[in-house]
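Chemist: First, the structure itself, so that you have it in front of you.
Please treat every number below as a calculation from the coordinates, not as lab data. Not measured: the values here are computed from a predicted model. Note that each Cβ is placed from the backbone with ideal geometry, even for glycine, and that neighbours are counted across all protein chains shown.
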Amino acid sequence: MSRSGFLRLVAERLGFLVLTVWITTTVTFLLFRLMPGDPTLAYLSPTFNEETRTALLRSFGLDKPLWEQYLIYMGNLLQGDLGTSFLQRVPVSQLLADALPNTIILTLVALSIAYAFGIVAGAFLAFQRGRGIEGFAIPAALATRSAPEFWLGMLLLAGLAFQLGWFPTGGAVPPGSNLGGVVDRLTSPEFWRHLFLPALTLVLYLQGLPLLLMRATMLEVMNDEFIVMARMKGLSRWSIVMRHAARNALLPVVTAFALGLGASVGGNVVVETVFAWPGVGRVLVQAVQGADYPVAQGAFILISVVLATMNTVADLLYAALDPRVSVGARR
Amino acid sequence: MRAARAAWRFLRGEPFAFVGAAIYALIVVTAIFADKLAPHDPREILRVGRRVARYLPISPEHWLGTTSSGRDVLSQLIWGTRSALQVGLTAAIVVVAIGTLMGLLAGYLGGWVDKLITRLADIVLSMPFLPFMLVLAALTQPGTTVVVACVALLLWPNTARVIRSQVLSLRERAWVEAARVTGCSNTRIMFVHILPQVLPLAALYGSVAIGWAILAEASASFLGFGDPNTVSWGVMLQEAYANQALGRGAWNWFTPPGLAIVSMVLAGFMISRGSEKLLFPKLADK
């Protein structure tokens, strides 16, 4: 693809990202305000006194008509102002900023391990095409994808944490101690000990996709002309598989990784809940359960934006890596 | 009769699809006869003497033991098939109906309709599924309706895309041209001529959607947004988690519902994998 063609694609994708984010935030606005019942009930805790109530009503603009509320909401969003938590009385953006690194660390660690394993195992299985191991490995990979994430987590928790006592049963640090900054977390062995089980749960859940994808594309690539060519040149089987086939088969897997990163940030909701991992997903669940609507709204918007952004990144990665993709001929 | 024989021949040739279909059959039979098969009422609080029969281990009277509130795990597991099928089938039917309609319109009509639907699909796909369901459940009311609605609202693009690409190739065929020449309206061509051709493919996506819906219901229940009045596998797992079954090592309580979910979702995957070879013979030798 030409350089200008690629730049045009980037511009087009970014434009679409902006559109998506705008629609998502608008849907969120409508969801939270147009639901049956009094919207002020959703936004104001009954424990507030009259003074805070009026002040809050005004700060949210809830005394104004809907379109004006919408403009205020969008204006606040653009400034990064997501409101104030009912329950904890701190800015929502601060709560989310505290939780986001934990979610990102958990997701990145789990995804990297899952994809490293899936790529190697998938390539290996493609190599073993038609042998007995397929009959076991493919149903096994499918089965881990069929299991509810939280149930995998429950099994690991019951076995490795409660029964054997090898790992803590939840949280990110021992009870009572402070979480500290991101650097403190990454250098603390306790943090990693707490990370182990939630990450393992995600790895088990996530490895199936890269494994099956890698295997399928490897099998496809192995029939391509350039592989036949390499074989005719007399290259060794290993060299063909690793240096020629695998590199080409990696392409969909790389795209899936970017997509997976976005999806996991939202999908981690249940795993974070099982292990009481202080991430964005758990913030969302607790906010929803506690009717802390500004927090729920903020967390939902954050998760949607991450997902939409990673979808765009995946698209662009695919275009950048695959010379066959031409602008405008997507899908 | 011919269809039945053809289906049987297909199942015999495809071990994956055979196992999947067998699992579905088992679950359907269990759901139909749940009231006869279950040894107890799933909500009955059982007693030993005057005390509630809490956390009984596996025994001849209680094959899978009892829960923390003295309910029979096996009976709950058996009754759970009903809610699983109910959620799975309704969601699958709705999602496939929407997806097929959208795919058909986009693929056949093309132009701005196609552009609009594809864009809409892209936007819907960038909505996070579980968080969306949580927020919707919290703002309306928890229960299976929200689960079905979310699956329908957010998962139709997967089906629509595949149907669309299938329709794109179908509409170029000679018989479509023939139909057009004889004066068939677009509606008639779409729904009478093309639709039957893409239905098998739609059904394939339906079998995967059943699994998605069951996983969604389980997650919603686990997070506390299920219908507490139904006996479902998700609610069972949530109760086990909330009542310290993990710490007590009550494996007999929290393992079976999870295995049931896995087998049902897996069955959908297996059927779709098996029938892929039937629908796309080119893939068969890969």
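Chemist: Tell me, A:160, B:77 in order of fewest to most beta-carbon neighbours within 10 Å?
Modeler: Result, fewest neighbours first: A:160, B:77.
Chemist: By the scheme Lys and Arg +1, Asp and Glu -1, what is the net charge of all other residues having a beta-carbon under 15 Å from that of residue B:227?
Modeler: 0
Chemist: Filter the DSSP H helices in chain B by two things, a Kyte-Doolittle mean of at least 0.0 and an axial alpha-carbon span of 30 angstrom or more, and list the hits by number.
Modeler: What comes out of the filter, once short or polar helices are dropped, is B:73-109, B:144-170, B:195-222, B:251-279.
Chemist: Near residue A:265, within a Cβ-to-Cβ distance under 13 Å, what is the net charge of the other residues, with Lys and Arg +1 and Asp and Glu -1?
Modeler: 0
Chemist: Still on this structure, I have one more. Taking a cut-off of 15 Å between Cα atoms, list the aspartates and glutamates near residue A:233, but don't count ones fewer than 8 places away on the same chain.
Modeler: A:224, A:225
Chemist: Then there's this: Given Cα pairs under 8 Å that are at least 6 residues apart, what percent is the relative contact order of region B:2-285?
Modeler: Taking the mean separation of contacting Cα pairs over the length of region B:2-285, I get 25 percent.
Chemist: Still on this model: Using the Cβ atoms and a cut-off under 14 Å, what net charge is assigned to the surroundings of residue B:41, where Lys and Arg are +1 and Asp and Glu are -1?
Modeler: Overall, the nearby charge balance is +2.
Chemist: Can you pull the percent of Cα pairs in the protein assembly as shown with separation above 35 Å?
Modeler: For the protein assembly as shown, the share of Cα pairs beyond 35 Å comes to 46 percent.
Chemist: How big is region B:2-285 on each of its three principal axes, counting only the C-alpha atoms and giving the largest first in Å?
Modeler: Each principal axis gives a Cα extent; for region B:2-285 these are 81, 47, 31 Å.
Chemist: Can you give the convex hull volume per residue for the Cα atoms of region A:92-330, as a whole number of Å³?
Modeler: That works out to 162 Å³ per residue.
Chemist: Hey, another quick one. Starting from the Cα of residue A:64, draw a straight line to each of the aspartates and glutamates and keep only those under 15 Å, dropping any in the same chain fewer than 8 residues away.
Modeler: A:38
Chemist: If amide H atoms are built 1.01 Å from N in the plane of the peptide, which residues on other chains or at least 5 residues away come under 5 Å of the amide H of residue A:84?
Modeler: Long-range HN contacts for residue A:84: A:92.
Chemist: Take every residue in peptide B:228-240, count the Cβ atoms of other chains within 10 Å of its Cβ, and give the average of those counts.
Modeler: 1
Chemist: Also: Tell me, what is a quarter of the convex hull surface for the C-alpha atoms of region A:72-224, in nm² with one decimal?
Modeler: So the Cα hull casts an average projection of 14.0 nm².
Chemist: Using only the alpha-carbon atoms of region B:1-155, report the extent along each of the three principal axes, biggest first, to the nearest angstrom.
Modeler: 73, 50, 21
Chemist: A further question on this structure: Take the alpha carbon atoms of region A:246-290, find their radius of gyration, then divide it by 2.2 N^0.38 Å using N residues; give the quotient.
Modeler: Cα-based Rg divided by the globular estimate yields 1.57.
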